[in-house]
Amino acid sequence: MRWGIIGTARIARSAFLPAVAAAGGVVSAVGGRELARASQYAAENGIGRAVQGYLALIDDPDVEAVYIPLPNALHAEWTIEALRAGKPVLCEKPLCGTLAETGEVLAVARETGTPLWEAFVFPFHEQMTKIRGLLADGAIGDLREIQSSFHFVLDHPGDFRMHRGMDGGALNDVGCYPVRLAVELFTGELESAWATAILGGDGVDVDLQGSLGYSGHQRLMVSCGFQRSDDRFARLLGTAGQIHITDPFHPGPDDSFTLFEAGKEARSYTAGGEAPSFTAAIRHIQRVIRGEEEPRHLAVDNSLPAARALDALREAAARDQLGGGDPDGEQPG
Ligand SMILES: NC(=O)c1ccc[n+]([C@@H]2O[C@H](COP(=O)([O-])OP(=O)(O)OC[C@H]3O[C@@H](n4cnc5c(N)ncnc54)[C@H](OP(=O)(O)O)[C@@H]3O)[C@@H](O)[C@H]2O)c1
């Protein structure tokens, strides 16, 4: 499998490239806005070639599949270009920064029939398979509530995450993970949303807490932001017990989850899976493209409910009378 990367992103360097190597793939080219920067990136990361411009990368005959780790506001345009060129796409999360764009991209994915994945890799991870098994066995009874957080300190000057025009903000960047977890595990329909946010940068949410209500008495409590140290966690609360997950989204070798069943001793399980956390997803995508597996977790199946939920939280935060802060205020960190 020969991949091409659009843009010289940090996440491609830290997570995607090691996973492609672990999954037996090759990154044959990177496309950048500036050839010099892309060439340096290629040389530093063992990528075969650099090309100038994103269209040149998509049209490169040596590229079989495209990875898109661009700022959020650019995902729709370049995902649509790649899908129309018939190249399977792994686009970074969130698939798009708005509900309207998500609808447009998914319409093109359906129309072209070209496979598209949103780069939430945790649904492919062995940990999620084990947790789904426990839930299906009724280990915690009926799942009623998910409490989940994703925080880190954003200290990268000029980061697109601090800009509205790039569809930045904590909800888009990291709050999307707890929301996707709820979409993965809840069975009901989205019924209500509440949220409050602290604003920073040029008016993006730098910290947000909120909840989503689903039919069947299921609820997500989400907390996300750029203002405190690394925190990725989830508790699944049921009518007969709980599951606590140290890192539901990018589990490493030290991560685990613990099952608390009413009247029984707690049991801990290692998260398992291969490192880095992207590996299982990349391995699957490569097998699908080679015709060896049926596709799972395609964007056309899963991305719209998550985009609707993010939109509901965004609107709820905007309505909130106590939310705010100074949109023109200094960027934190
Ligand atoms: N799945 C995950 O675990 C995970 C983790 C982190 C980030 N992400 C996602 O990955 C994406 C990239 O995040 P990142 O932090 O890796 O980004 P980054 O390091 O800032 O890189 C983004 C790249 O996009 C290109 N670009 C094009 N127009 C740009 C603009 N106007 N401003 C800035 N860059 C521009 C640049 O490459 P050239 O100029 O060379 O073309 C740049 O290197 C985001 O969607 C983010 O949500 C996902």
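Just so you know, all these numbers are worked out from the coordinates, no wet-lab data involved. What you see is a predicted model; the values in this text were computed from it and never measured. For neighbour counting, all protein chains shown are included, and Cβ atoms are generated from backbone atoms with ideal geometry for every residue, glycine included.
Just a few scattered comments:
- 3J(HN,Hα) along the range 222-231, derived from phi through the Karplus expression 6.51 cos²θ - 1.76 cosθ + 1.60 where θ = phi - 60°, amounts to 10, 9, 8, x, 10, 10, 9, 5, 3, 8 Hz, with x in place of Gly and Pro.
- Candidate cross-link partners of residue 87 among the aspartates and glutamates, defined by an alpha-carbon separation under 19 Å and a same-chain spacing of 8 or more, comprise 59, 60, 62, 64, 77, 104, 111, 118, 292, 293, 294, 301.
- Counting only Cβ charges, +1 for Lys and Arg and -1 for Asp and Glu, the dipole size of the range 2-118 around its Cα centre is about 280 debye.
- Descending Cα extents along the principal axes, the chain, whole Å: 59, 50, 38
- Within a Gaussian network of the chain (alpha carbon springs, distance under 10 Å), most fluctuating of 260, 124, 249: 260
- Tilt relative to the chain, helix 75-84 - C-alpha long axis, 0 to 90 degrees, to 10: 60
- One decimal place: the segment residue 55-residue 294 gains 83.2 nm when fully extended, by the rule 0.36 nm per residue minus the C-alpha distance.
- Total formal charge among the other residues, if their Cβ is under 12 angstrom from that of residue 240, Lys/Arg +1 and Asp/Glu -1: -1
- Separation in nanometres of the label points that stand 7 Å from Cα toward Cβ, at residue 202 and residue 156: 1.8
- Acute angle (nearest 10 degrees) that the helix 35-45 long axis makes with the longest principal axis of the chain, alpha-carbon atoms: 60
- Given the chain, longest segment not containing exposed loop GluC sites (Glu not before Pro) (DSSP; at most 16 other Cβ within 10 Å): 35-188
- Relative exposure of 239, 196, judged by other C-beta atoms within 10 Å (fewest first): 239, 196
- Tail beyond 25 Å, pair distance distribution of the range 2-118 (Cα, percent): 16
- For the range 262-273, Karplus couplings with θ = phi - 60° (6.51, -1.76, 1.60), whole Hz, Gly/Pro x: 3, x, 10, 6, 5, 10, 9, 10, 6, 4, x, x
- Scalar couplings 3J(HN,Hα) for the range 243-257, obtained by applying the Karplus form with A = 6.51, B = -1.76, C = 1.60 to θ = phi - 60°, are 10, 9, 10, 5, 8, x, 9, 9, x, x, x, 8, 7, 7, 9 Hz; x denotes Gly and Pro.
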